[in-house]
Amino acid sequence: MDHSRAPVLEALTAYHGSGQLPFTPPGHKQGRGADPRVRAVVGEEVFRADLLAVSGLDDRRSTGGVLARAQELMADAVGAEHTFFSTCGSSLSVKAAMLSAAGPHEKLIVGRDAHKSVVSGLILSGVRPVWVEPRWDPELRLAHPPSPAAFEAALAEHPDARGALVTSPTPYGTCTDLTAIAEICHARDRPLIVDEAWGAHLPFHPDLPTWAMDAGADVCVTSVHKMGSGLEQGSVFHLQGGLIAPEVLKAREDLLGTTSPSVLIYAVLDGWRRQMVEHGRALYDGALALAARTRERIASIDGMRPHGREDFCGPGLAADLDPLQIIIDITALGTTGYRAADWIREHHAVNLHLADHRRISAQLTHADDRDTVETLLHALSDVAEHASWLRPAPTVEVPDPDGMRLEQVMLPRDAFFSRAERVDVEEAAGRISAEMLTPYPPGIPAALPGERLTAELLRYLRGGVEAGMVVPDAADPGVRTVRVVAGS
C-alpha cells in the first residue's frame with residue numbers, strides 16, 4: 001500500500017478546493033457562524049476541518065471510500081487484518097471489543113487492574129466478570145499486570161468464559177507476557193482482548209515492548225491521543241484471526257458510537273499513521289535515547305529514584321517495561337506524589353502524568369526534545385530543593401492485597417442500577433457498593449458496583465483524598481459518604 005497517501009486529509013483538501021457549500025450540520029458552517037472570540041482562541045482551521053463524514057468528507061453513499069481506505073492503511077501499517085477508527089476514545093473502543101466477545105450474563109475473564117471504562121462496559125452489558133488478580137509488589141506497593149498463569153487458572157476454573165481481557169501496558173508502563181496469554185486463550189478457542197490504550201507507539205520500534213497484534217491478540221485497543229500524535233478521543237481498535245468476526249465488532253461499535261464522528265479526529269489519525277510509517281523508527285530512536293539520558297539525570301537529583309526494568313520486571317513482577325513512562329519514587333523527599341505534582345504545576349507550569357502516595361511520573365513521547373526535558377529536570381530539581389515546604393505530608397495507608405481485594409457479591413450491572421442510599425463512610429464497611437470509587441489517574445477502580453466494602457479499603461480512600469488523591473466518579477468525591485445498595 002502507498003503509505004505516502006492520507007485519504008482523510010486528501011479528502012479534506014479536495015472538499016475545500018471544490019468550493020462546496022453545506023446546508024447540513026455542523027451549524028457553524030465552516031466557522032462563519034462561530035463567535036469571533038472562540039475563533040481567536042481555537043483557530044479558524046479547526047472549524048474549516050469540522051464537517052460531516054457523509055455528505056461532506058465523502059458523498060451520501062460513501063462511494064469515495066475515504067474512511068475505509070484510511071482504516072486499511074492503518075491496519076497495514078501495524079500488521080492487523082482490520083482496523084476501525086473511533087472518535088469517542090478507547091473508553092468506547094474497549095466496550096465494543098468486550099461486547100464482541102461476550103453478551104449479557106456470559107462470563108469474561110478480566111484483569112482486576114482494568115480501567116473504569118471496562119467496568120462501565122460490564123455495567124452496560126451485564127457481562128459477568130471473572131476477576132484475575134494483578135501481581136502485587138510488596139516493596140514498591142503497587143500492582144503489575146496479572147500473570148499468564150493467573151489467566152490459565154481462571155480459564156480452567158471457568159471453561160464457559162467467552163474470552164479474556166488484559167490491560168498492558170499499565171499506566172505505570174509495565175507489561176505482561178501477552179504472547180503466553182494469547183496462547184492460553186487460543187488453546188481453548190477463546191479470544192484475547194488487550195486494552196493497550198498506552199501502547200499506540202509500540203508497533204513502530206523494536207526496542208519497545210511487543211505490541212498486542214504481534215503477540216497474537218485477537219482485538220487490541222489503542223489510544224492514539226495518549227502516546228501518539230492523535231487528538232484527544234482519537235482511538236483505534238485492531239482485529240485479527242477468526243475468533244471475532246469483523247462485522248460483529250463493527251456492529252458493537254455502531255451500537256455505542258456516535259453517529260456524528262469528528263472528521264478532525266479522523267484526519268489526525270490518518271496523518272499520524274503516515275508519520276509513523278515514514279518516520280516512526282527515527283523518531284523513537286531519538287525518544288528512547290532521550291528517555292535514557294533523562295533517567296540518568298533524574299537519578300542524580302537527591303531524593304529521586306527513577307524506576308527501571310530492575311525494579312519492575314522479573315519473576316513475580318512485570319514481563320516488560322515501556323521506557324518512555326518515567327516513574328519516579330520520591331519517598332526519600334518525605335512527601336507525597338500528590339503534593340509534589342501540585343507544587344511543580346504551581347511553580348513551574350509543568351504538568352506531570354501520574355501522582356500517587358509516593359511517586360510522580362513523566363510521560364515522554366516522540367514530541368519531546370532537549371528543551372522540554374531541561375524544563376522538566378529543572379522543575380524536579382527545584383521541588384527536591386524545596387521538599388521541606390511539602391512536609392509533613394499526610395500518610396496514606398495502602399492496604400496489602402488482601403485488604404484491597406473486595407468480594408464481588410452482585411453483578412456490577414445489578415448493583416449499579418439497584419435502589420441505593422448514601423451512608424457515612426464510617427458506616428459503609430460491610431455494605432455493597434453501588435458506585436465506582438476510582439483514584440484518577442490512573443483510573444483503576446478501587447471499588448466496583450457489587451463489591452462488598454471493607455473498613456481497610458475505605459480508610460485508604462479517605463486517607464488518600466486527605467493527602468491529595470482525586471476520586472472524581474464518586475457521588476461524594478471527598479468520600480465522606482458512599483453510595484451503597486439499599487438494604488445490603
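Here is how the numbers come out for the structure above:
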| quantity | calculated |
| --- | --- |
| Residue within segment 236-254 that is within 23 Å of Glu10 (Cβ to Cβ), crowded, with 16+ Cβ neighbours inside 10 Å and among the basic types (Lys, Arg) present | no |
| Residue in segment 417-435 that is out of contact with any strand residue (DSSP E or B) (no Cβ under 7 Å at 6 or more places or on another chain), crowded, with 21+ Cβ neighbours inside 10 Å and of a type outside the set (Gly, Ala, Ser) present | no |
| Members of segment 34-80 that are among the basic types (Lys, Arg) and either open to solvent by less than 60 Å² (accessible area, probe 1.4 Å) or out of contact with any helix residue (DSSP H, G or I) (no Cβ under 8 Å at 6 or more places or on another chain) (or both) | Arg37, Arg39, Arg60, Arg61 |
| Enumeration of residues in segment 441-462 that are closer than 18 Å to Pro412 by Cβ, part of a loop (DSSP other than H, G, I, E, B) and either hydrophobic (A, V, I, L, M, F, W, C) or within 16 Å of the chain's Cα centre (by Cα) (or both) | Gly443, Ile444, Pro445, Ala446, Leu448, Leu453 |
| Test for Thr365: is it part of a loop (DSSP other than H, G, I, E, B) and modelled with pLDDT of 95 or more | yes |
| Filter result (under 28 Å from Gly103 (Cβ atoms) and either part of a strand (DSSP E or B) or open to solvent by 10 Å² or more (accessible area, probe 1.4 Å) (or both)) within segment 155-175 | Ala156, Glu157, His158, Pro159, Asp160, Arg162, Ala164, Leu165, Val166, Thr167 |
| Segment 81-107, subset open to solvent by 50 Å² or more (accessible area, probe 1.4 Å) and among the charged types (D, E, K, R), residue farthest from the chain's Cα centre (by Cα) | Glu106 |
| Test: residue in segment 191-211 that is under 13 Å from Val78 (Cβ atoms) and touching an Asp or Glu at 6+ places or on another chain (Cβ under 6 Å) | no |
| Segment 312-330: number of residues that are touching a residue at least 12 places away in the same chain (Cβ under 8 Å), out of contact with any His (no Cβ under 6 Å at 6 or more places or on another chain) and either under 13 Å from Cys175 (Cα atoms) or of a type in the set (A, V, I, L, M, F, W, C) (or both) | 13 |
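Each row is one residue, and each column tells you yes or no for (1) touching a Ser or Thr at 6+ places or on another chain (Cβ under 8 Å); (2) aliphatic (A, V, I, L, M).
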{"site": "Pro7", "(1), (2)": "no, no"}
{"site": "Gly17", "(1), (2)": "no, no"}
{"site": "Gly31", "(1), (2)": "no, no"}
{"site": "Ser55", "(1), (2)": "yes, no"}
{"site": "Ala114", "(1), (2)": "yes, yes"}
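The values are calculated or read from the model by the stated rules, or taken from the named source; none is laboratory data. A quick note: this is a predicted structure, and the numbers were derived from the prediction, not measured. Quick reminder, even Gly has a Cβ in these numbers, built from the backbone with ideal geometry, and neighbours come from all protein chains shown. Ligands, DNA and RNA are stripped out before the accessible areas are found, and what is left, the full protein with its side chains, is counted by its heavy atoms. Shrake-Rupley method; radii C 1.70, N 1.55, O 1.52, S 1.80 Å.
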